[in-house]
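Enquirer: Got a structure for you, written out below as C-alpha cells; questions coming shortly.
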Amino acid sequence: MYDPKSLKAEEFIDHEEILASLAYADEHKDDLPLIDEILEKAKLRKGLSHRDASVLLACETPEKVQEIYALAEQIKKDFYGNRIVMFAPLYLSNYCVNGCTYCPYHAINKHIPRKKLTQEEIRAEVIALQDQGHKRLALEAGEDPIHNPIEYILESIQTIYSIKHKNGAIRRVNVNIAATTVENYRKLHDAGIGTYILFQETYHKESYEQLHPWGPKHDYAYHTEAMDRAMEGGIDDVGLGVLFGLDKYRYEFAGILMHAEHLEAVHGVGPHTISVPRICPADDIDPSAFSNAISDDTFAKIVACIRIAVPYTGMIVSTRESQRCRERVLHLGISQISGGSRTSVGGYTEEERPEDTVQFDISDRRSLDEVVCWLMEMGYVPSFCTACYREGRTGDRFMSLCKSGQIQNCCLPNALMTLKEYLQDYASDKTRTLGDTMIQSQLQDIPNEKVRKIVEERLVKIAGGERDFRF
Ligand code: SF4
Ligand code: SF4
C-alpha cells in the first residue's frame, strides 16, 4: 500500500502507485486544460507531485512541450541564476563484490585490472586535481568489505582534506559508496562529508534484482532504504540518481520523485541533488544490449520535468554526456557539472588518459579550463563555491534558505570570489581575460550594495594572494 511516510521501500516506492500514475499520465497526456492547470501549479515554484509531473513528461503536444521547456528554463534562472557549480569524481578503488550487469567493475569481469589507491597515491591524485583548480570532489569506490572497508574510506577523506598544495584545497568531499549501516553513515558524517550520493540505478524491483543478480547490492530494500539510514546517521544532504536506460524512463522518473517525496515526508527535507546518468559504453558493457536506452530529446525532457517538479534540488550531469548534450540540458535545469574528469582509478596522475580501469567512457574529454571557458562563452558563471556546507547550511536549514530565496544572496558573491581564485591560480590567459570581464559585469547583479562593496574588496584581496572568502 502506497505510503510516502513508510520506512519500507516497497511502500514508499509502491509499484502499483507508479503503474497507476503512468496510466493516469497516458490517459491525460492530451488533456490540455489539465496540462495548463499543472503548468500553472508549477509556476508557483513549489514543485509538483510525481503524478502531475508524469503527465507533463507524457505530454507530446508540441506547444505544451515548448511551454514545459520554457518554464524549466525560467525556474532554473530564478533559483540558480546563471551559475554552474563545478566538481570532479575521484575513483579510489575498482574492487567490487557485486554483479551489476551494466558496470565494468562487476566482480566477474576478468578483463579489467583491479586497483586501489594507497594514501600516497590519493595524495598525488588530489594534488593533480587541485592543480586543475578543483575544490569539490565526489569520491567513488566499489563495494568490497575486504579491500574498501569503511576505515579505508574514512582515512582517504582525512587525507584529502589535509592536503594543502600551493593555493589549492579540497573544501568539500561528497561520497558515493555502497549502501551501508547507520553506524557507518555516522562515521562518514563525523568525517565531514558533504553529500552522500547513492544511485538507485532502477526503482523497478524486478528489474533491479535481475540487474544485480548477486552480491550485497542485490537486496532492493536495503539499497532503497539507504538514504533513511544515512539521515538517521546525521547526514543531512543526500543525492539521488537513476541510471536511465536500465528500465522504462517514465517508471524511473515517477520513482525518483516518489523517493524525493518520501524524504520530505519523513525527514522534512528532500534530496540535495538528483543525478541523471544514462547508460553508456564501457569495457564489457554494450549499451545497445539495454533496450530502454533513451534519446537526447527524451533526456532533455526528463531534465526539464525534474527541474519543474523539484525546483530546490540541484541537478548534476557528468562527462558521460557529450558537450552538445550538456549544453542543451544546462539551459533546462542542470546546476552542477563535472569537468576534466577521469573515471579510472589513478587517472589524474597519468599523462595519457588511461582506458583500462575506467568505469564508463567519457564523452566530454575537455580539460577543466576548456569547460570553464566554454561555460563563460555561453554566459554561465562557473562556481567553485562550497560555502553552505562549511557554514553549516545543510539539510532543512539549507532548504528553508532556498525556499525563501535568501540563498541567492550568497550564491552569486561566492561564485564570483571562487571564480576569481580559479582565474588567479589555474586559468589560461584566454579564460582569465574572459573571466575577469565576466566578474566585472556580474558584480552589478549583486542587489545589496553593502554585499557588492564587500565582494569588490575581497576580489582585490584575492588578486593580492588571499584565499577562501565566503558568505
Ligand atoms: S555499479 Fe558499483 S556496486 Fe555495481 S559493479 Fe559497479 S562499482 Fe560495483
Ligand atoms: S552558497 Fe551554498 S547553495 Fe550557493 S553555490 Fe555556494 S554552496 Fe551552493
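Enquirer: Going by average Cβ density within 10 Å per residue, which order do the peptides 401-409, 270-278 take, highest to lowest?
Expert: Listed from highest to lowest mean packing, they are 270-278, 401-409.
Enquirer: At 24 Å minimum axial length over the Cα atoms and a Kyte-Doolittle cut of -1.0, report the qualifying DSSP H helices in the chain, or say none. Please list the in-between numbers first.
Expert: Numbers: long enough: 62-80 (27 Å, -0.71); 249-267 (27 Å, -0.06); 408-425 (26 Å, -0.26).
Length and hydropathy pass: 62-80, 249-267, 408-425.
Enquirer: GluC sites (Glu not before Pro) within region 39-135: which are DSSP loop residues with at most 14 other Cβ atoms inside 10 Å? Please report the intermediate quantities before stating the final value.
Expert: Details: sites: Glu40, Glu60, Glu63, Glu67, Glu73, Glu120, Glu121, Glu125; in loops: Glu60.
Of the GluC sites (Glu not before Pro), the ones in loops of region 39-135 whose Cβ has at most 14 other Cβ atoms within 10 Å are Glu60.
Enquirer: Out of the trypsin sites (Lys or Arg not before Pro) in region 150-179, which ones are loop residues according to DSSP with at most 13 other C-beta atoms within 10 Å? Show your work: numbers first, answer last.
Expert: Details: sites: Lys164, Lys166, Arg171, Arg172; in loops: Lys164, Lys166, Arg171.
Answer in residue order: Lys164, Lys166.
Enquirer: Could I ask something else about it? Which of Lys77/Lys430; Lys8/Lys135; Lys41/Lys248; Lys46/Lys217 have a Cα-Cα distance over 29 Å?
Expert: Working: Lys77/Lys430 27 Å; Lys8/Lys135 37 Å; Lys41/Lys248 26 Å; Lys46/Lys217 34 Å.
Long pairs (Cα-Cα over 29 Å): Lys8/Lys135; Lys46/Lys217.
Enquirer: Let me ask you something else. Taking a Cβ-Cβ separation under 4.7 Å as the criterion for a possible partner, which cysteines of the chain have none?
Expert: Singleton cysteines: Cys59, Cys96, Cys280, Cys305, Cys325, Cys373, Cys385, Cys388, Cys402, Cys410, Cys411.
Enquirer: Counting only other residues whose beta carbon sits under 11 Å from that of Val97, what net charge do I get with K and R as +1, D and E as -1?
Expert: Spelling it out: positives minus negatives among the neighbours equals -1.
Enquirer: Give me the net charge of Gln74's neighbourhood, meaning all other residues with Cβ under 11 Å from the Cβ of Gln74; Lys, Arg count +1, Asp, Glu -1. Each step should come with its number before you reach the end.
Expert: On the way: positive: Lys43, Arg45, Lys76, Lys77, Arg307; negative: Glu67, Glu73, Asp78.
Net charge around Gln74: +2.
Enquirer: Take each of the peptides 438-448, 196-206, average the number of other beta-carbon atoms within 10 Å over its residues, and list them starting from the highest.
Expert: Values: 438-448: 14.3, 196-206: 21.1.
Peptide ranking by packing, descending: 196-206, 438-448.
Enquirer: Between region 112-169 and region 430-471, how far is it from one alpha carbon centroid to the other, in angstrom?
Expert: 31
Enquirer: Under the rule a/c < 1.5 gives rounded, and otherwise a/b versus b/c splits prolate from oblate, where does region 400-463 land using the Cα gyration tensor?
Expert: Numbers: a/c = 2.27, a/b = 1.84, b/c = 1.23.
Taking the square roots of the gyration eigenvalues as a ≥ b ≥ c, region 400-463 is prolate.
Enquirer: Another question, if that's okay. By a straight-distance test (C-alpha under 18 Å), which aspartates and glutamates pair with Lys76 as possible cross-link partners, with residues fewer than eight away in the same chain excluded?
Expert: List returned: Glu40, Glu67, Glu327, Asp445.
Every number in this text was worked out from the coordinates using simple rules, so none of it is lab data. None of the values given here were measured: they were computed from a predicted structure. No Cβ is skipped: glycine too gets one built from the backbone with ideal geometry, and neighbour counts run over all protein chains shown.
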